[in-house]
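Colleague: Would you mind keeping the following structure in view while I ask a few things?
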Amino acid sequence: MNVPIPRRKALQLLGIAGTSLTPVARLSAQTGSAGALQRPQVLVQIADTSPAQIDVSKDFLTGSRAAWQDFNARGGLRGRQVQVLTLEIDGQPASVRNALEQARDNPACLALVGTVADTAAAQVAALLKRQQPGLAHVAPWLQDGTEAGDETFTVFARHDAQIAHALKSLSVIGVRELTVIYASEQIYALNHSRLERTAADLKLKLLGNHPTGADARALGQRLPVDASALILFLGGTPELASFTQGLEKQARGRYVIGLADVNLQTLAQMGAARHTPVIVTQVVPVVTSALPVVRAYRQVLSRLFDEPPTPQSLAGYLSARYAQEVLAEIEGPLNRVTVLTAFQRRATVDLGGFSLGPSLARSATPFVTQSMLSSDGRVIG
């Protein structure tokens, strides 16, 4: 995942909201007409726009911005606009620390909301746990197994729950062997031990554990003939596209399973192998769902952005909506103490037919479902 990829280069050149970490007047497209009111409420969103994370960050930020623009158009928080200050980072620990320091030292900042993507969210959670600055870290895109402290409120199912869901589905239909591919050494280190334990509990045999390094396509081409027909791939969309293109050179058909960082629509656009069906876990409802909150998301997105609905942007929208609901219920003064207390007290929120909250994300059965990119390019929920 550390080799530049054309799509990610293009996204970086287009920019998500600029590149400066300086918070002075660095207000993203989320703010709407915030300047028209005095002393807007300020939140900070840290976004990793490095090549390894930009695929998820771009869509997540789009959904988040749509939610905050819509919120401000409907009156904001206590009649005042909410300004969401986007601090973009390059994924390196120093840039994460710098962004967190800027949020902590900004007296107007009430909370961190919707940190994205996974690596940045994990680093922020770890720093907050050590430093305990009393700053709420709300609804980040935190997928790995990092143990968050009392300041971090995860609302989406993590990798372990997604893997358990995928493997349990396989065991139910009688699958007993699985090949595992990791997109990088880092992903291997974060997930391998947990994956082995989950597979053992379900009596699944893992046939191989292959970090791809720089050349996912080559690994797909040289995958052993005796590898299982079902492959679990842990990594991003471009790496998975390359890997399936390599698999296409093999005579044996395969099914590939990915996790929530994979965008199936983008995967199809990037030319994933047509004869290799891909199944991915999702931690949000399908974007075609009739749930009121998903219908609202599609309407707001189509009105404000020329972007197709994706699970990642729906996650950004739900992250912002969760924060809005809890913030709106606070009585008395709005400050870091009252905001942190409100999130510590509020477990779940029903967002138009879909419940979201830390207790659900940490429970034994957090929300996980699956979608498939069929061999003819259709996304099937």
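Colleague: Can you name the residue in segment 235-270 that is in a loop (DSSP other than H, G, I, E, B) and open to solvent by less than 30 Å² (accessible area, probe 1.4 Å) and is also nearest to Leu142 (Cα to Cα) among such residues? Working first, answer last.
Modeller: Step one: of segment 235-270, the residues in a loop (DSSP other than H, G, I, E, B) are 235-236, 248-254, 259-263, 270.
Pick out the ones that are also open to solvent by less than 30 Å² (accessible area, probe 1.4 Å) and you get 235-236, 254, 259-260, 262-263.
Working: Gly235: 14, Gly236: 15, Arg254: 29, Leu259: 13, Ala260: 11, Val262: 14, Asn263: 16 Å.
Going through the qualifying residues, I end up with Ala260.
Colleague: Another question, if that's okay. If you go through segment 303-325 one residue at a time, do you hit one that is in contact with a Pro (Cβ under 7 Å, 6 or more places away or on another chain), over 28 Å from Ala164 (Cα atoms) and of a type outside the set (Phe, Trp, Tyr)?
Modeller: No.
Colleague: Given (1) surrounded by 19 or more Cβ atoms within 10 Å (Cβ to Cβ); (2) in contact (Cβ under 8 Å) with a residue 40 or more places away in the chain; (3) farther than 18 Å from Glu177 by Cβ, where does Leu232 come up short, assuming only one miss?
Modeller: Going through (1) surrounded by 19 or more Cβ atoms within 10 Å (Cβ to Cβ); (2) in contact (Cβ under 8 Å) with a residue 40 or more places away in the chain; (3) farther than 18 Å from Glu177 by Cβ one by one, Leu232 breaks only (3).
Colleague: Considering only segment 219-232, I want to know if a residue exists there that is in a strand (DSSP E or B), within 20 Å of Gln143 (Cα to Cα) and modelled with pLDDT under 80.
Modeller: The answer is no; no qualifying residue exists.
Colleague: Now for a different question. Scan segment 47-69 for residues that are charged (D, E, K, R) and open to solvent by 20 Å² or more (accessible area, probe 1.4 Å) and jot them down.
Modeller: Once the filter is applied, which keeps residues that are charged (D, E, K, R) and open to solvent by 20 Å² or more (accessible area, probe 1.4 Å), segment 47-69 yields only Lys58.
Colleague: Under 6 Å between Cβ atoms, at least 6 apart or on separate chains: pull out the pairs that start in segment 317-344 with a residue that is without any contact (Cβ under 8 Å) to a residue 24 or more places away in the chain and end on any residue that is of a type in the set (S, T, N, Q).
Modeller: If the second residue must be of a type in the set (S, T, N, Q), the pairs left are Ile330/Thr338.
Colleague: Let me ask something additional. Does at least one position in segment 190-203 carry a residue that is under 17 Å from Gln53 (Cβ atoms) and under 20 Å from the mean Cα position of the chain (by Cα)? Step through it out loud before you land on a result.
Modeller: Restricting attention to segment 190-203, the residues satisfying the condition of being under 17 Å from Gln53 (Cβ atoms) are 190-191.
Next cut, under 20 Å from the mean Cα position of the chain (by Cα) only: 190-191.
Yes, segment 190-203 contains at least one residue that is under 17 Å from Gln53 (Cβ atoms) and under 20 Å from the mean Cα position of the chain (by Cα).
Colleague: In segment 352-368, how many residues are under 18 Å from the mean Cα position of the chain (by Cα) and in contact (Cβ under 8 Å) with a residue 40 or more places away in the chain?
Modeller: Residues in segment 352-368 being under 18 Å from the mean Cα position of the chain (by Cα) and in contact (Cβ under 8 Å) with a residue 40 or more places away in the chain: 10 in total.
Colleague: Hey, any hits in segment 157-166 for a residue that's touching an Asp or Glu at 6+ places or on another chain (Cβ under 7 Å), at pLDDT below 80 and farther than 18 Å from Pro277 by Cα?
Modeller: Taking every residue of segment 157-166 in turn, none turns out to be touching an Asp or Glu at 6+ places or on another chain (Cβ under 7 Å), at pLDDT below 80 and farther than 18 Å from Pro277 by Cα.
Colleague: Please verify whether Arg194 is farther than 21 Å from Val56 by Cα, touching a helix residue (DSSP H, G or I) at 6+ places or on another chain (Cβ under 6 Å) and surrounded by fewer than 22 Cβ atoms within 10 Å (Cβ to Cβ), treating the condition exactly as stated.
Modeller: yes
Colleague: Among the basic types (Lys, Arg), without any contact (Cβ under 8 Å) to a residue 40 or more places away in the chain and over 30 Å from Leu232 (Cα atoms): which single residue out of Arg97, Arg197, Arg176 fits that description?
Modeller: After ruling out the rest, the residue left standing is Arg97.
The values are calculated or read from the model by the stated rules, or taken from the named source; none is laboratory data. Predicted model only: the values in this text are computed from it and were never measured. Cβ atoms come from the backbone with ideal geometry, glycine included; neighbour counts cover every protein chain shown. These area figures cover heavy atoms from the full protein model, side chains too; ligands, DNA and RNA do not enter into them. Shrake-Rupley method; radii C 1.70, N 1.55, O 1.52, S 1.80 Å.
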